[in-house]
Amino acid sequence: MSCAIWDALRAGATAEEILCAQGAAHESLKPRIQQTIASWQTEGLVGEFKEDARTADPPLPVTGPSPKWSANWQCRLRGKIFAFAVEDAAIAGVLLPPLQHLVVTEAPTPALEIEVRGNADHGWVLIANGRERLRGSSLANLISSVSLALMEAVWAENSLAAIIHAGAVAKGGRVASFPAPSGSGKTTLVAYLAARGYTYLAEDVMPLDADWNVLPWPLPMRIKSGSWPVLLPYYPALLEGPAFRVRGVEARLLLPPADAWDVRPAKLSAFIFPRFLAGSAAEVQRLSPIEAMLSISESEIWPGYDTSDAHIRNLISGIEGTDSYRIQYGSLADAEDMIGDILVSSHA
């Protein structure tokens, strides 16, 4: 069904025409379909609008005056060295903390040199190995683009299909992905499961390759103060982690296990959309393919720079072919039980 919506948009149909074609069977989903269509248009997947533009392909060498760097550092990910140089201190303050525990002082020639020139107020330019890769003004887009550049280099042997705003864990050869918007309890759930014997794969951004493998991206988890009481029994040193604020809320960074970057990619078994509701009974609902596609779009998904029709169709087909569930829970123990049952029953 989502591929049909995509095909209609690419053929020039308006959102109103597509909504009318859905019929009574999807009447309740029409507002969400409309929102997803608007999101695809805003992201430039259909139509002509695009907020941050990728430069010409192949990218051009960067010229101009030498910048004054506010921060430089090198870090090691899966045995590869990455060098950063950032002109704006505020941008450096966002990019460095999740990588701080991976910083090295002496390193060989880096696999990738990343420069960020300019600032978020007047526009930034992302440069990789001396060539301009992207320019824009959205800090969120910059973070995603830096993550993508790192992912492509770390997982150079894998063809990246998409980056999803999701957490992910694995157990018994099965992988659960938790796409969810901020504030849904996703991070607390992932941290809890990691303490209960699941392998930590990702917390905020989850890369998927073309073979539908989750590529581990185990950066530190950002634990907000409201989750400290429930997680402190499992992580006694939680409050010793680096402090920062998320949308005005105090938080701590929870560092991943030392061997987290040694985990190999694993096939995705199921999408599970979590929702914590205090006092709620445990509920699990199997989602239809179109409900899964809409829910992932609402959680945020980025297909990378390849916005070709074939790439997007393959991505949508992959999502629609993956077992998908929505769970609601009032306790983490209930969530763990439901997730365990889902993974056992998954066909992946």
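The values are calculated or read from the model by the stated rules, or taken from the named source; none is laboratory data. Since the model is a prediction, treat every value here as computed from it, not as a measurement. Backbone-built Cβ (ideal geometry, glycine too); neighbour counts: all protein chains shown.
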>> Within segment 189-201, does at least one residue satisfy the condition of being outside the structural domain of Ala111 (by TED's automatic domain parsing), of a type in the set (A, V, I, L, M, F, W, C), more than 20 Å from Met338 (Cα to Cα) and surrounded by fewer than 22 Cβ atoms within 10 Å (Cβ to Cβ)?
In response: no
>> Among the residues in segment 341-348, are any closer than 23 Å to Arg174 by Cβ, crowded, with 18+ Cβ neighbours inside 10 Å and at pLDDT 95 or above?
In response: yes
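Of all residues being among the acidic types (Asp, Glu) and part of a helix (DSSP H, G or I) in segment 262-301, which is surrounded by the fewest Cβ atoms within 10 Å (Cβ to Cβ)? Just the residue, please. Steps first, answer last, please.
First, pick out the residues of segment 262-301 that are among the acidic types (Asp, Glu): 262, 283, 291, 298, 300.
Filter once more, so that each one left must be part of a helix (DSSP H, G or I): 262, 291, 298.
Details: Asp262: 11, Glu291: 21, Glu298: 17.
Of everything passing the filter in segment 262-301, Asp262 is surrounded by the fewest Cβ atoms within 10 Å (Cβ to Cβ).
If a residue must be out of contact with any Lys or Arg (no Cβ under 6 Å at 6 or more places or on another chain), within 15 Å of Ala153 (Cβ to Cβ) and free of Cβ contacts under 8 Å to residues at least 60 places away in the same chain, how many such residues does segment 104-127 contain?
Step one: of segment 104-127, the residues out of contact with any Lys or Arg (no Cβ under 6 Å at 6 or more places or on another chain) are 105-110, 112-124, 127.
Adding the requirement that they be within 15 Å of Ala153 (Cβ to Cβ) leaves 107-110, 112-115, 127.
Adding the requirement that they be free of Cβ contacts under 8 Å to residues at least 60 places away in the same chain leaves 107-110, 112-115.
Result for segment 104-127: 8.
When only residues in segment 300-338 that are among the acidic types (Asp, Glu) and in contact with a helix residue (DSSP H, G or I) (Cβ under 7 Å, 6 or more places away or on another chain) count, which is nearest to Phe178 (Cα to Cα)? Write out each step before concluding.
We begin by selecting, within segment 300-338, every residue among the acidic types (Asp, Glu); these are 300, 306, 309, 320, 323, 334, 336-337.
Subset that is in contact with a helix residue (DSSP H, G or I) (Cβ under 7 Å, 6 or more places away or on another chain): 309, 320, 336.
Numbers: Asp309: 26, Glu320: 15, Glu336: 13 Å.
Out of the qualifying residues, it is Glu336.
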> Looking at this structure, is Ser137 in contact (Cβ under 8 Å) with a residue 24 or more places away in the chain and more than 27 Å from Val263 (Cβ to Cβ)?
Replying inline: yes
> Counting just the residues of segment 177-203 that are assigned to a strand (DSSP E or B) and hydrophobic (A, V, I, L, M, F, W, C), which one comes out nearest to Met221 (Cα to Cα)?
Replying inline: Ala202
> Do you know which residues across segment 308-330 are buried (at least 19 other Cβ atoms within 10 Å of the Cβ) and under 18 Å from the mean Cα position of the chain (by Cα)?
Replying inline: Ile312, Leu315, Ile316, Ile319, Thr322, Ser324
> Under 9 Å by Cβ, and 6 or more places apart or on different chains, what pairs join a residue from segment 225-249 that is surrounded by 12 or more Cβ atoms within 10 Å (Cβ to Cβ) with one that is among the β-branched types (Val, Ile, Thr) and not in a strand (DSSP E or B)?
Replying inline: Gly226/Thr188; Ser227/Thr187; Ser227/Thr188; Val230/Thr188; Leu231/Thr188
>> When you scan segment 183-199, do you find a residue that is farther than 30 Å from Asn314 by Cα, among the basic types (Lys, Arg) and at pLDDT 95 or above, even just one?
In response: yes
>> Testing Ile316 on (1) closer than 30 Å to Leu102 by Cβ; (2) in contact with a Ser or Thr (Cβ under 6 Å, 6 or more places away or on another chain); (3) not polar (S, T, N, Q), one condition comes back false. Which one is that?
In response: (1)
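Which of the residues belonging to segment 250-261 are assigned to a loop (DSSP other than H, G, I, E, B) and surrounded by 14 or more Cβ atoms within 10 Å (Cβ to Cβ)? Step through it out loud before you land on a result.
First pass over segment 250-261, keeping only residues assigned to a loop (DSSP other than H, G, I, E, B): 255-259.
Answer for segment 250-261, where residues must be assigned to a loop (DSSP other than H, G, I, E, B) and surrounded by 14 or more Cβ atoms within 10 Å (Cβ to Cβ): Leu255, Pro256.
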